[in-house]
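Some notes on the structure that comes next.
The values are calculated or read from the model by the stated rules, or taken from the named source; none is laboratory data. Just so you know, these numbers come straight off a predicted model, no measurement behind them. As a convention, Cβ positions derive from the backbone with ideal geometry for all residues, glycine included, and neighbour counts pool all protein chains shown. Accessible surface is based on the protein model in full, side chains and every heavy atom, while ligands, DNA and RNA are left aside. Shrake-Rupley method; radii C 1.70, N 1.55, O 1.52, S 1.80 Å.
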Amino acid sequence: TELRIMAQLIDGSTGTRLWSKSYDRQLDNVFSIQEDVAKDVAQALSIKLGVGAMSRAEGGTNNVEAYDRFLRARRLIIAGGREASSQAANLLREAVALDSSFSRAWLELSRALSAVSGAGVGLTAAEAAPLLSEAEAAMERVRQLAPNSRGARLAQVQQLLTEHKWTEADQLMESLRRAFPLTAETMDVAEAYCDVARTLGRVR
C-alpha cells in the first residue's frame, strides 16, 4: 500500500506558504517517513523562521526543540513572578541539554535563576545559594561559547552592575542600545537597559 503525505509550512499571520513537500512511500515503512518529514520540517523551520539565522556567533541554535523551549521560557519570563521564572528555568535547562552550545538559552537560564533566587522571594540564603551558583555557571557558559555575542555583552553589563562599576556598565549598555534598535528580537537589550536605568536611579 502506498502512502502520500503533503507537509506545508504556513505563515500564520499572512497565510503565505513558506515551504511544502510531498512524500510518497510504502506504508510498511511508515517510521522512516516520519523521520524524513521531521528532519525536513526542522530544516525548513531553521531557514524560514530564523532559527538558522541565529548563528553560533550570536549565541543561537539550529535545534528546533531547543529553540521551542527557549521561546516558551521567554514568554514565562516576560509574564514575571517567581513561579513563572522557576518554570522558565526548567525549560531552559532542557534547552541547553538539547543544545549545550545555545548560549542565548544559557543567558536566559542565568536570568531566570537569578529571579527565582533574588531578594523578596521568600528563600533563605542557604536555599538561594545553589541557584545563584547555577546562575553564575550559566553566565560563564555564555562568555565561553560566544564571547562577542550580544548575549555575552549583556552578561558583561550584568557583571559590571554586580561589581558596582556603574560608569562602565552604563557606557557598555549605551553602545549596545545603539547597536541593537528595539525589535521583538532585541527585547533582551531593552530589558537590560531598564535594569541599568533602575540601578542608576533613572526611574523615568
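Rounded to the nearest 20 Debye, what is the dipole magnitude of the chain about its Cα centre when Lys and Arg each give +1 and Asp and Glu each give -1 at the C-beta?
Dipole size: approximately 580 debye.
What does the accessible area per residue of the chain come to in Å², with a 1.4 Å probe and no ligands, DNA or RNA counted?
58 Å²
I need the shape label for the range 97-204. Rule: rounded when a/c is under 1.5, else prolate if a/b > b/c, else oblate, with a, b, c from the alpha carbon gyration tensor.
oblate
Roughly how many percent of the accessible protein surface of the range 126-204 is carbon and sulfur, given a 1.4 Å probe and a whole-percent answer?
54 percent
With the cut-off at 1.5 for a/c, could you classify the range 68-149 from its C-alpha gyration tensor as rounded, prolate or oblate?
Judged from the Cα gyration tensor, the range 68-149 comes out oblate (a/c at least 1.5, b/c at or above a/b).
Compare the Cα positions of Tyr193, Ser100, Leu160 along the charge dipole of the chain (+1 at Cβ of Lys, Arg; -1 at Cβ of Asp, Glu; about the Cα centre) and return the one farthest towards the positive end.
My answer, from the dipole projection, is Tyr193.
Would you please name the GluC sites (Glu not before Pro) within the range 124-204 that are DSSP coil residues with at most 11 other C-beta atoms within 10 Å of their C-beta?
Sites meeting the loop and neighbour criteria: Glu163.
From the residues Ser20, Val41, Ile77, which one has its Cα farthest along the dipole of the chain in the positive direction, the dipole being from +1 and -1 charges on Cβ of Lys/Arg and Asp/Glu about the Cα centre?
Ile77
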